[in-house]
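Chemist: Provided herewith is a single structure, encoded as structure tokens, for subsequent inquiry.
Bear in mind that the values in this text are calculations on the coordinates, not laboratory data. Owing to the predicted nature of the structure, the values given are computational and were not obtained by experimental measurement. Cβ placement follows ideal geometry from the backbone for every residue including glycine, while neighbour counts extend to all protein chains displayed.
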Amino acid sequence: MTVAEQQHIVTPAQAGQRFDRVLAGLPGIVSRQAAHRLIASGAARLSTAGAAHSSTAAPDRRVRVGDVIAYHVPPPAPATAAPEADGPPLDILYEDEWLVVLNKPAGQSMHPGPGHPGGTLVNRLLAHCRDLSGIGGTIRPGIVHRLDKDTSGIVVVAKHDAAHLALAAQFKAHSIHRVYLALVVGRPPAERGTIDLPLARHP
């Protein structure tokens, strides 16, 4: 399927910003990471004001008024997670007919995605037990909550939809207590404290 190319002319309000930041704010592009992928693949190009042709520019290139951004967003490729039995054994802490509780190592992605189609926790889990909850879809079966790739820690995975819904409700109600340990550089100014920096999805 051919995807129509879109064009955007840099406005005065956008002048001086990075190419990737401006691109990430255009229709059809959901994040800065998505913008980086488009730039790297050549699906997003930049031409200076008055130039006849656009060319690939670095993500940190500063744009100017009148520059033209030409881009197209390829349709998403259908993806499914495949079982993978190879690799180190899963560090399972608890398992029954409803769920699996395991320790995810640092450096392992939770589920397949752009740049890491395999070798994820989901791939390994599908080889261990093929009856994971289907609520997460074909790419994230059984996944109730996630940890970042470089974060190690305990993950709860649902085997059945009923368990998935019950666990998701507990996470939403904050009735599940979670504790994180972190390595820090330097010495914090106080023994105890609260970091109040709420995170939310970009609109």
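Chemist: Which one, Cys129, Thr151, Gly186, projects farthest toward the positive side of the charge dipole computed for the stretch 92-203 from Cβ point charges (K/R +1, D/E -1)?
Modeler: Sorting the options by dipole projection puts first Gly186.
Chemist: Here's another thing I want to ask about it. ³J(HN,Hα) across the stretch 126-134 via Karplus (A = 6.51, B = -1.76, C = 1.60, θ = phi - 60°), whole Hz, x for Gly/Pro?
Modeler: Each residue's phi maps through the Karplus curve to give 5, 6, 7, 8, 8, 9, 6, 4, x Hz.
Chemist: Where does each of 190-200, 4-14, 102-112 land if you order them by average Cβ count within 10 Å, highest first?
Modeler: Values: 190-200: 5.0, 4-14: 12.9, 102-112: 17.4.
The most tightly packed comes first, giving 102-112, 4-14, 190-200.
Chemist: Per residue of the chain, what 222 nm ellipticity follows from adding -39500 (n - 2.57) for every DSSP H run with n ≥ 4, rounded to the nearest 500? Can you show the working numbers first?
Modeler: Details: 4 runs with 37 residues, N = 203.
Helix-only estimate at 222 nm: -5000 deg cm²/dmol.
Chemist: Would you please give the residues with an amide H less than 5 Å from that of Glu84, counting only those at least 5 places away or on a separate chain, with H modeled from the backbone geometry?
Modeler: Those qualifying (amide H under 5 Å, at least 5 residues apart or on another chain) are Arg124, Leu126, Ala127.
Chemist: Just to verify a number: FRET efficiency for Arg62 and Ile9, C-beta to C-beta distance, R0 = 22 Å, to 0.05? Display every interim value, and only then the final one.
Modeler: On the way: r = 16 Å, r/R0 = 0.72.
That pair, Arg62 with Ile9, gives E of 0.90.
Chemist: For Asp67, which sequence-distant residues (separation of 5 or more, or a different chain) have an amide H within less than 5 Å of its own amide H, given hydrogens modelled in the peptide plane?
Modeler: Hits under the 5 Å cutoff: Val10, Ala49.
Chemist: Counting alpha carbon pairs within less than 8 Å and at least 6 residues apart, what relative contact order, in whole percent, applies to the chain? Numbers along the way, then the final one.
Modeler: Details: 316 pairs, mean separation 31.5, N = 203.
Over the chain, the number comes to 16 percent.
Chemist: Using modelled backbone amide H atoms (1.01 Å from N, in-plane), which distant-in-sequence or interchain residues come within less than 5 Å of Leu99's amide H?
Modeler: Amide H to amide H, under 5 Å and 5 or more residues apart or across chains, Leu99 pairs with Lys159.
Chemist: Okay, moving on. Quick one: Karplus J couplings for the stretch 174-181, per residue in order, coefficients 6.51, -1.76, 1.60, θ = phi - 60°, nearest Hz, x for Gly and Pro?
Modeler: 6, 8, 8, 8, 10, 10, 10, 10
Chemist: Express the C-alpha Rg of the stretch 70-177 as a ratio against the empirical globular expectation 2.2 N^0.38 Å, rounded to two decimals. Show your work: numbers first, answer last.
Modeler: Working: Rg = 14.4 Å, N = 108, 2.2 N^0.38 = 13.0 Å.
Normalised by 2.2 N^0.38 Å, the Cα Rg of the stretch 70-177 equals 1.11.
Chemist: Pop the C-beta distance of Asp131 and Val179 into the FRET formula with R0 = 25 Å and round what comes out to the nearest 0.05.
Modeler: Values: r = 30 Å, r/R0 = 1.20.
It comes to 0.25.
Chemist: Run the dipole for the stretch 60-119 about the Cα centre, Lys and Arg Cβ at +1, Asp and Glu Cβ at -1, nothing else charged, and hand back the magnitude in debye, nearest 20. Please report the intermediate quantities before stating the final value.
Modeler: On the way: 4 positive and 8 negative charges, 140 e Å.
Dipole about the Cα centre, nearest 20: 680 debye.
Chemist: Once the piece of chain linking Ala168 and His72 is laid out straight, how much longer is it, given 0.36 nm per residue of separation minus the C-alpha distance between them? Intermediate results must be reported in sequence, preceding the final value.
Modeler: Values: separation 96, 0.36 × 96 = 34.56 nm, distance 3.58 nm.
Full extension of this stretch gives 31.0 nm more.
Chemist: Next question. Obtain the nm distance between the two label points defined at Tyr94 and Ala40 by a simple spin-label model: each point lies 7 Å from its Cα along the Cα-to-C-beta direction.
Modeler: So the two model labels end up 3.8 nm from each other.
Chemist: Among (1) 16.0; (2) 10.5; (3) 13.4, find the value of mean projected area of the Cα convex hull in nm² that was calculated from the structure presented, and write down its label.
Modeler: (1)
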